[in-house]
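See below for the structure under consideration.
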Amino acid sequence: MLSRTADNLYWLGRYVERAENNARLIDGTYHMSLLPITPDEHAELWRKLFQSAEEIEAFVEKHPEFTNDAVTRYLTLDPDNRSSIFCCLEAARDNTRAARAELTTEISQCINQTWIDIRAIDMDRIHERGLQDFLDLIKERAHLFQGVVYSTMRRGEPFLFWELGTALERAENTSRLIMTRADSFHRAHRRDDGFDFYRWGTFLRSANAYSAYRQIYGDIDSVCVAEMLITNTNIPRSLLACIEDTTDILKTLRREAPCAEMSERLAAEIRAMRLDQVLRSGLESFLNDFRKQVHALSDQIRADFMMVR
Amino acid sequence: MANSDEHETPKPFDEMLEPDGTVRMAYAQYGEWLQGVSKETLIRKDEQADMMFRRLGITFTVYGDAESTERMIPFDIIPRIIDPNEWDYLSRGAIQRVDAINAFLDDVYHDQAILKAGRIPPELVLNNDAFRPEMLDLDLPRRIYGHIAGVDLVRTGAREFYVLEDNVRTPSGVSYMLENRQTMMRLFPELFATNHVAPIGRYATELRNNLQSVAPIGVDEPTIVLLTPGRFNSAYFEHAFLATEMGVRLVEGQDLFVDEGFVFMRTTEGPKRVDVIYRRIDDDFIDPLAFRPESMLGVPGLLSVVRRGRVTLANAIGSGVADDKAMYVYVPEMIRFYLGEEPILQNVPTYSLRNPDDYKYVLEHLEELVVKEVHGSGGYGMLVGPKSTKAEREAYAERLKAEPEAFIAQPTLSLSTCPTWVDEGVAPRHVDLRPFVLSGRRTTVMPGGLTRVALKEGSLVVNSSQGGGTKDTWVLER
């Protein structure tokens, strides 16, 4: 298939997944912000949703304080914030248009309908109906979109590139989610104050993994949470599951591609790592390293399939 | 019902009703249905149609409009219906025209017999911007230049059809013809059970077969692509739609490159050779090495591959010399010269302002005439005399005086009207018709076409950029 179209489908997968993950991250943080906490803790909570110093800077330029209202506005509908849900969906639609000839009518319709709907929504309406309502809509539409792709799209290269984008985005987002709590996983940081249950419960819900956790592990325990989101391959959003999916897709695309080998190596590293050691030496450096490797992998993918010129 | 046309003479030809108010044959079944249907039903169907088009994302871009660059062409839920006899005559006329135009193009890029015979002033061809000397003495597969053509027709009476213009560059609108039909079949399935409407669904297959038939010599299973300027182009939806329907790749200039005398596309498995390009990019932009150097849309070196006969472009580079408004006057002459036949379809009498007598006449009769730019399209930059103000005419006259050869003028035709769904209910609105003619192994025309409708009461301008809409076009089977 055309390399440019492969690129469009890859990004289509990424942007829809990103919109959904943003919705879940905001959802989780919003719930946490409703707990009785100090203003500093409150600001810190929201600040963690930003991935880099530059992102924080861009936010501070527009809004003096990390209030619920300012942050939710910025992360949901702000057309100037390139990673807002609005912009993710705009980019998804743009890529849908560019790759239109490879997509089914049902897929285009799904994206168009979502785009028509989100453009009709403003902050007043979000306040009126509640943030939850808006975030649920985004999650629902993302799931609908993925369902439509799975059930209507011909299997083959175009489908695989879409799946690839989705899997890699998922890996990045899970690592981002874990990063928001990176300092509180170690058992030594456990607070036996009733908050813990609520905090980890909310956290797991943001990963769509709460009920799965209860079924597998039972009691809430931060080390188990880390294990589940990092190495448990039965959880579709765990880092290892995402990288294994990526490896499978790349091998199907081209078995001997350097990126396939790279992805396989990354999966092997995660499998071989000792979680207790990682937790002791700090999750943050592990996650930073993981993200660096995912970036290198996505560069390699683009090089291998001529997606960059 | 109040008749706002009372002071206008004569009353335009109504596609559905005889002057005495009886329903014409072609509309007999439909008219009966329309009488019985409630206003509420039509309102609901209209809303459904609107939503269907929005969800499909069928939009076009209005240039020079920063506010809303993406708009939908309004779709009218009342079809335009054509009688089988009328269609027989129209389709033969359209095919005849396109055959003559293809013969003309082959001639002007080879022997130029028609110029030597003095039937067309040579300077009109040779000094024309759309004439491409780069194409001289090049033998194209099947000698076809305009593989896809749109012939714009208007009607003024029962047997009076006029050709308004020929489009043999990159005519658009066929996706609307096809989507309008899809939409009508979903909205009104019962009407298709009672009316015998000729199907048009095989358009893409026929186009693909034709493109296959003009592949470079020796290529049995050609790789065909559709080349689009990209998703910001006004007709992008159509490009994507046709690529999907034909099952070919939709490519942009950046996806193609020329190497070792061939054209390749960049694929995930490496470069892949391309043999036939259905291009929707104008000549000027198609090859920055040969034409406009600043073009980012085209493929550098493409012309050199065309010259070697290793890739076929549809339509061919240089086709535009046949369809400009100055050349239009000579199409009947082409028909006589190449086919030895009399034209089936008539031209609109046309004044060329390069001609001093015509120039004088036009300036004196601006109020009655429609004046167009020779190189214009899309209804931009035209003056509709009877609908213009004095100030507009005066300003326009200045432009005519400055550059007479850039304009032609025609009498204002009383375009036929077709019942149309508007705010007040069903009312007559002016329409035109663009059938699509395909050339390959043979020349064919789909039974249907794009009917454009001027939605504003009394307006004669049907272009989508100027507030026009579209209708499904039914050709009834015998």
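When each of the peptides A:88-94, B:394-400, A:98-104 is scored by how many other beta carbons lie within 10 Å of its residues on average, the order from highest to lowest is A:98-104, A:88-94, B:394-400. Have a look at B:N128, B:Q212, B:P171 and report the one farthest towards the positive end of the charge dipole of chain B, computed about the Cα centre with Cβ charges (Lys/Arg +1, Asp/Glu -1). Looking along the dipole axis, the top candidate is B:Q212. Relative protection proxy for A:12-24, B:169-181, from highest mean packing down: A:12-24, B:169-181 (other beta-carbon atoms within 10 angstrom). The charge dipole of the range A:1-153, taken about its Cα centre with unit charges on the Cβ of Lys, Arg, Asp and Glu (plus for the first two, minus for the last two), comes to roughly 600 debye. Looking only at the protein assembly as shown, where both bridge partners belong to it, what percent of the DSSP beta bridges are antiparallel (to the nearest 5)? Of the beta bridges lying entirely in the protein assembly as shown, close to 75 percent run antiparallel.
When the C-alpha to C-alpha distance is required to be over 32 Å, the pairs from B:K390/B:K471; A:K139/B:K39; B:K325/B:K471; B:K45/B:K325; A:K48/A:K251 that qualify are B:K390/B:K471; A:K139/B:K39; B:K45/B:K325; A:K48/A:K251. Mean sequence separation of contacting Cα pairs (under 8 Å, at least six apart), scaled by the length of chain B, corresponds to a relative contact order of 23 percent. Computed from the C-alpha gyration tensor, the three semi-axes of the ellipsoid equivalent to the protein assembly as shown are 58, 32, 23 Å, from longest to shortest. Other protein chain C-beta atoms within 10 Å of residue C-beta, averaged over B:257-269: 4.
In chain B, if the dipole is taken from +1 on Lys/Arg beta carbons and -1 on Asp/Glu beta carbons about the Cα centre, which of B:V306, B:S234, B:V461 is farthest to the positive end? My answer, from the dipole projection, is B:V306. Our note on the geometry: Cα centres of the range A:34-109 and the range A:232-309, 25 Å apart. Charges were assigned to the Cβ only: +1 to each Lys and Arg, -1 to each Asp and Glu. The resulting dipole of the range B:361-478 about its Cα centre is roughly 540 debye. Taking the charge dipole of the range A:1-153 about its Cα centre, with +1 at Lys and Arg Cβ atoms and -1 at Asp and Glu Cβ atoms, the residue from A:A142, A:L45, A:S83 reaching farthest to the positive side is A:A142. Note on A:19-25: average number of Cβ atoms from other chains within 10 Å of each residue's Cβ is 0. In straight-distance terms, cross-link reach from B:K360 covers every one of the aspartates and glutamates whose alpha-carbon lies under 18 Å from its own, apart from those fewer than eight places away in the same chain; here that gives B:E368, B:E373, B:E394, B:E398, B:E403, B:E405. Think of each Lys and Arg Cβ as +1 and each Asp and Glu Cβ as -1; about the Cα centre, that makes the dipole of the protein assembly as shown roughly 1720 debye. Averaging Cα coordinates gives a centre for the range B:207-224 and one for the range B:396-426; these two points are 40 Å apart.
For the range B:315-331, backbone nitrogen atoms closer than 17 Å to the point 7 Å from B:T350 Cα along Cα-to-C-beta are found at B:319-331.
Going 7 Å from the Cα of A:Q215 in the Cα-to-Cβ direction, what parts of the range A:222-247 have a backbone nitrogen less than 13 Å from that spot? Residues A:234-236 qualify, since their backbone N sits under 13 Å from the label point.
Ranked by the mean number of other Cβ atoms within 10 Å of their residues, highest first, the peptides B:346-354, B:327-335, A:35-43, B:191-199 come out as B:327-335, B:346-354, B:191-199, A:35-43. Rounded to the nearest 5, the antiparallel percentage of DSSP beta bridges internal to chain B is 70%. Counting Cβ atoms of other protein chains within 10 Å of each residue's Cβ and taking the mean over peptide B:43-54 gives 1. Annotation for the range B:156-185 versus the range B:303-365: alpha-carbon center distance of 19 Å.
Going 7 Å from the Cα of B:K272 in the Cα-to-Cβ direction, what parts of the range A:1-27 have a backbone nitrogen less than 13 Å from that spot? Within reach of a label on B:K272: A:1-6.
No lab work stands behind these numbers, since they all come straight from the coordinates. Remember, it's a predicted structure, so these values are computed and weren't measured experimentally. Here the Cβ is made from the backbone with ideal geometry for all residues, glycine too, and neighbour counts use every protein chain on show.
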